[in-house]
Amino acid sequence: MAKSNKKRKACNYTYTMEEAEIECILDERGGNGKQKTKQQHEYLCAWADGNEEPQWVAAKHLKGTIALEEWEDQEDEEPEIFDPPAILAPKCYSLAQLVQTAKRTSILLGAGISAPILPTFRGQHGLWTKNAHKNTKADAKVSDGLQPTLAHEGLVALEKAGFIHYVATQNYDDLSSRSGFPEHKLSELHGNIFVETCDDCHKVFHRDFEVPKDDSLEHETGRHCEDCGGILRDSIIHFEEDLPEPSLTKAMNKFAESDLIIVVGSSLKVEPAAGLPFSNKHTTTTTRQSSKRDVNTCIVNLQPTGYDSQADLIIHGTCDQVIDAVAKELLGNNWR
Ligand SMILES: [Zn+2]
């Protein structure tokens, strides 16, 4: 999912604020002339402020910004691979067998699991780009009417049947919680966009609207605790911030206890979450163990990842396809 680039200052362009902050780049164009070089390109920038319309900014003004780096990283992204049905089906069967025989299966979720319903924010067909001439920010929110995907539902069904030990998610879209996955078996590593927490009494408020405030200072949401009046803060983790210690530690411990780890819909680019599935592979996990423990790992993703060489099984299918196939194998065709 798109994460914001707050705190990185960009140039003044036609934007009137003294120090405009770019939320992200939405589109790129070659400029008016022919055969423009990359340095002469222009980029459609969305502002962190959210009230101003996105504007085209020349490349020279964006040099060194995180927004441009991210845009270029995205361009470098590997193309998607789809295993043909004759390959996908036996791979899903193998995964189901691994799940059936594993004592503890833990799962790391990435944006891919929400892809069928969450439009991406950037790129040619991205939500922000399409709405570039409207007041975009409001339109581009992770809509609060979103429903969990087939894959989310499948994970809940598999957990109920005793096949899943723990889930760590890199998504802050709340869809794991909404699907009914038990909270005590879930780490939301990057926060939850619908959750705000009191500074003083630490009460957690689960809202039906997105809580972060644009340009908020230190994650303040602008609201106060209904119990004690303390300042409420959102739980979203930005790129430059560390992951919340309790969620990460719990996930690490649960993954360390697991003998099967499945990555579902993540390209494994954002550390430390990306390394989580592989941190204990083939190493001892408890102090008294002297023999090496064998951990099977499977990656379900449409793109190659930097960890592919360490995985035992790689499935290039959508999360819905793969989780549905595994659920059918283990729970029967009518698992829904
Ligand atoms: Zn409070």
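Every number in this text was worked out from the coordinates using simple rules, so none of it is lab data. Since this is a predicted model, take the numbers as computed values, not measurements. Cβ coordinates were reconstructed from backbone atoms using ideal geometry, including for glycine residues, and neighbour counts include every protein chain displayed.
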Within the stretch 235-254, identify whether any single residue is part of a loop (DSSP other than H, G, I, E, B), without any contact (Cβ under 8 Å) to a residue 40 or more places away in the chain and more than 16 Å from the ligand (Cβ to nearest atom), and answer yes or no. yes
What single numbered condition from (1) within 16 Å of the ligand (Cβ to nearest atom); (2) touching a strand residue (DSSP E or B) at 6+ places or on another chain (Cβ under 8 Å); (3) of a type outside the set (D, E, K, R); (4) part of a loop (DSSP other than H, G, I, E, B) fails to hold for Ile164? (1)
Checking Lys63 against (1) touching a residue at least 24 places away in the same chain (Cβ under 8 Å); (2) assigned to a loop (DSSP other than H, G, I, E, B); (3) not hydrophobic (A, V, I, L, M, F, W, C), which single condition isn't satisfied? (1)
